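Below: the structure, in structure tokens.
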Amino acid sequence: MLLKTVFVRLLTTAITLFGVAVVVFILVRVAPGNPIAMMLPPGATDQDIATLNAVYGFDKSLAEQFIIWLGGVIQGDFGTSITLRQPVAELVLGRLPATLELSTLALLLAVALGGFVAVIGARKRGTGTEVGLDLTSGAVLSVPDFLWGLIFVLVFGVLWPVLSISGRVDPRIDIDFTTNFYIFEGLLRGRLDVVGSTLSHMLMPAMSLALPLAAMIAQLLKQNLKEALTQDYTTLARVRGFSETAVILREALRNAALPTLALVGVQFTFLIGGTVIVERLFAFEGLGNMAIDAVINRDLPLIQGIVLLFAALFTVINLLVDLSYTFLNPRLRHG
Amino acid sequence: MTSTTAHTHTLDIINLNIALPRGQRLLRNVSLQLEPGEVRALVGESGAGKSMIGKAVLGILPHKIKMTEGEILLEGAHLNAMTPATRRRTVAKMSALIPQDPLTALNPVRKIGPQITDPLIRIHGWSHQRALARARELLDRVHIRAPDRVMHSYPHELSGGMRQRILIAAAFAPSPRLIVADEPTTALDVTVQKQILRLIRELQRETGTAVLFVTHDMGVVAKISQKVTVLFAGRVIEDAATHTVFENPAHPYTQALIAATPTPNVSARPFQPVPSALIAELHRDTVAADALFAQRGRR
Ligand SMILES: Nc1ncnc2c1ncn2[C@@H]1O[C@H](COP(=O)(O)OP(=O)(O)OP(=O)(O)O)[C@@H](O)[C@H]1O
Ligand SMILES: [Mg+2]
């Protein structure tokens, strides 16, 4: 039963990714802007352009180009970046850890902050505190992530410069890691200087990404908590002598987390989408920042590689959300 | 303060008044006592305020509903005089609740075992082993086969009757002095109802726990209780020993309630609903009493 589910899941994932590949491949080629023309100085002859077109295979038909590219992808070869002249797979996988660490930190911050506010709101339900928290999270939610980024740059970068506003890590630190997971590997190796510097660089972009999601979690989780707190099992827990806070944390939270989780999964993929602009804003060397460069330079192979990786990331996240849903809900666990 | 009697009642409710925020009264000067080891039935039609009495005792009144007057004493201790935290612990240590609906009274995402042992460990301060042994003992007593397996299951894996037996076990586990049972059989199959009722009665006799048994079924009243309180629109209209109430009901409403109960052994008597004229008269009394109460308050 479980095996069948996994198999169906993998199959649909493959089909989805293929669809994404086709659409992106066509889109980047019909979009205005010729990558070859951008590589040559002004006044290049038609002859020069034709030569370069042939070098990169742009002279073949769209279908032919696609088949060649797909053949490479299946063997793990995503082509070569036109501007950086390196294998796309290498470039993209080199940047992925930065974006993964950033969005994971943002997610953790959002869950911690949103969860905390939701519990306080549920604890103080029916009071002015709840109204105040509702208004605050409503206001936070109405400001998009990149605006939060600008606000943070202004406050903590310019007016009161306490945090680093650009880059991923202090360039003076010597990093000889095998992976680009600075925090993860830094913790394993006990290189706290790297971890600290990376965290201080990540804090503002991560907070920018986290705040809107935190506000959303605060609102939804509080609503679900209040619903759970009217249920008979919470009343029984009160009769048994548990304090309101204990009732919320021990009885209501897991029940309320279930409906909240579905939304968090979807919103997390939006959060990762948000890294594109926020990384740019903080000159953070991640996948999103690279994506913008690739688009500006019409680096078609690189764009394709990045988009495909993002798509794969989203499907993996959806899978993880489904799995954790099953884990949290005993009714689904024993099918 | 008002200890008029020499001995201590398990539960002593004196002149309890409960109202909605706008002043609509839900309970009107309710007084009732429970002696140690006694079962008192609380009867009356739907909306009479039966559950409200239990909730007031256990401290779980709905958000906006407040006690406006009166005293509640548990084992002689004045609950009103306590801080909320002390009151919560005192009530938890001395009393327990058997809820109406076993399907919603167990947490769906937690295993059965901890739901029984948690309060024993965290509120009553027992050791893990002692709590576990007690849970096993009680589950066995309520005829749950393989208690260890059941303690590792989730509520959705068990039948309604089983869940109610588990809730009964959980209620009796800390040996409370008082149990409030709020229509503990109404949500169950008719076939299971009898077993559950018998179980509560047996355990009550074995442990000597006093039980406030909320029901609207006079048949159940006859089977389980020694005393009866009849409630109408938040007022006590009759308070007597069960056999007296059945042999010689003082109030016409009680007479009507008994007449309205289909009893299998007295099959000759036809089923009679409570006469509407009587209900109308009772409501008129209530309204008049409320007007008087409001006047008294204004002076
Ligand atoms: N949360 C609430 N808000 C306002 N009024 C309420 C609330 N809960 C109960 N009431 C009212 O209080 C009165 C007494 O309710 P209670 O639940 O004690 O009745 P009951 O005798 O237990 O009836 P039933 O047999 O239906 O359970 C009813 O008139 C009901 O409408
Ligand atoms: Mg009721």
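Below, the figures for the structure above:
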| quantity | calculated |
| --- | --- |
| Segment A:171-204: chymotrypsin sites (Phe, Trp or Tyr not before Pro) in DSSP coil with no more than 15 other Cβ atoms inside 10 Å | A:PHE177 |
| Complex-versus-alone comparison for segment B:82-98, residues with a loss of 20 Å² or more in accessible area, probe 1.4 Å | B:ARG88, B:ALA92, B:LEU97 |
| Sites B:ARG122 and A:GLN47, calculated FRET efficiency, Cβ-Cβ separation with R0 56 Å, nearest 0.05 | 0.10 |
| Chains B and A, summed buried accessible surface - 1.4 Å probe, Å², nearest 100 | 2300 Å² |
| Built amide H within the under 5 Å cut-off of B:VAL211, gap 5+ | B:GLU38, B:VAL39, B:ARG40, B:ILE179 |
| Under Karplus coefficients 6.51, -1.76 and 1.60, residue-wise ³J(HN,Hα) of segment A:292-306 in Hz, glycine/proline x | 5, 4, 4, 5, 4, 8, 6, 7, 3, x, 5, 4, 4, x, 5 |
| Using distinct alpha-carbon pairs, which all enter the 1/r mean, Kirkwood radius of segment B:11-139 in Å | 16.7 Å |
| Equivalent ellipsoid semi-axes - Cα gyration tensor, segment A:1-104, angstrom | 33, 18, 12 |
| Gain on full stretching of the segment that runs from A:LYS60 to A:ILE26 - 0.36 nm per residue minus C-alpha separation | 10.9 nm |
| Karplus (6.51, -1.76, 1.60) ³J(HN,Hα), θ = phi - 60°, over segment A:25-41, in Hz, Gly and Pro reported as x | 4, 6, 4, 5, 8, 8, 5, x, x, 9, x, 5, 4, 6, 7, 9, x |
| Reduction of at least 10 Å² in accessible surface, 1.4 Å probe, comparing all protein chains with the chain by itself, residues of segment B:114-152 | B:GLN115, B:ASP118, B:PRO119, B:ARG122, B:ILE123 |
| Whether segment B:73-227 is rounded, prolate or oblate, judged on the alpha carbon gyration tensor where a/c under 1.5 counts as rounded | oblate |
| Where labels lie 7 Å past Cα in the beta-carbon direction, separation of A:LEU3 and A:ALA139 in nm | 5.8 nm |
| Estimated D of segment B:143-236 in µm² per second, where Rh is the Kirkwood radius over Cα pairs and Stokes-Einstein applies at 4 °C, 1.567 mPa s | 89 µm²/s |
| Computed over the protein assembly as shown, Kirkwood Rh from alpha-carbon pairs, angstrom | 30.2 Å |
| Amide proton proximity set for B:GLU69, modelled H, under 5 Å, gap of 5+ | B:ASN17 |
| Extended-chain gain in nm, criterion 0.36 nm per residue less alpha-carbon gap, B:ALA280 and B:GLU157 | 39.6 nm |
| Cβ charges +1 (Lys, Arg) and -1 (Asp, Glu), total dipole of segment A:94-202, debye | 240 debye |
| Sum of -39500 (n - 2.57) over DSSP H runs of 4+, divided by residues of chain A (222 nm, nearest 500) | -24000 deg cm²/dmol |
| Low-density loop cleavage sites - trypsin sites (Lys or Arg not before Pro) in segment B:130-239, where at most 10 other Cβ are within 10 Å (DSSP) | B:ARG145 |
| Loop-located trypsin sites (Lys or Arg not before Pro) in segment A:226-325, at most 14 other Cβ atoms within 10 Å (DSSP) | none |
| Spherically averaged projected area of segment A:113-181 from its Cα convex hull (nm²) | 7.5 nm² |
| Protection proxy ranking of B:180-192, A:109-121 - average other beta-carbon atoms within 10 Å, highest first | A:109-121, B:180-192 |
| Alpha carbon centroid spacing (whole Å) that separates segment A:129-192 from segment B:70-109 | 47 Å |
| Partner lysines for B:LYS93 [C-alpha distance under 19 Å; skip if fewer than 8 residues away on the same chain] | B:LYS55 |
| Accessible area per residue in Å² at 1.4 Å probe, computed on the protein assembly as shown | 49 Å² |
| Carbon and sulfur %, accessible surface of chain B computed with the full protein complex present, 1.4 Å | 54 percent |
| Tilt relative to chain B, helix B:160-172 - C-alpha long axis, 0 to 90 degrees, to 10 | 90 degrees |
| DSSP bridge pairs, the protein assembly as shown: antiparallel proportion in percent, nearest 5 | 55 percent |
| Residue-span extension gain [A:LYS124 to A:LEU319] - 0.36 nm each, minus C-alpha spacing | 66.7 nm |
| Summed side-chain charge close to A:VAL194 - residues other than A:VAL194 whose Cβ falls under 13 Å, Lys, Arg +1, Asp, Glu -1 | -2 |
| Amide H contacts under 5 Å for B:GLY59, placed H, 5+ residues apart | none |
| Kirkwood-type radius of chain B, with distances r between different C-alpha atoms, in Å | 20.4 Å |
| ³J(HN,Hα) computed for each position of segment A:325-331 - Karplus, 6.51 cos²θ - 1.76 cosθ + 1.60, integer Hz, glycine/proline x | 4, 4, 5, 7, 9, x, 5 |
| Calculated Rg and Dmax of segment A:186-315 using C-alpha coordinates, Å | 20.7, 67 |
| Over chain B: helical MRE at 222 nm, DSSP H runs n ≥ 4 each giving -39500 (n - 2.57), nearest 500 | -13000 deg cm²/dmol |
| Members of segment A:193-235 that become less accessible by 40 Å² or more once partner protein chains are added (1.4 angstrom probe, chain alone as reference) | A:ASP232, A:TYR233 |
| 10 Å Cβ neighbours from other chains, averaged over peptide B:105-112 | 6 |
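The values are calculated or read from the model by the stated rules, or taken from the named source; none is laboratory data. Bear in mind the structure is a predicted one, so any value in this text is a computation, not a measurement. Backbone-built Cβ (ideal geometry, glycine too); neighbour counts: all protein chains shown. Side chains included, ligands, DNA and RNA excluded: accessible areas come from the protein's heavy atoms. Shrake-Rupley method; radii C 1.70, N 1.55, O 1.52, S 1.80 Å.
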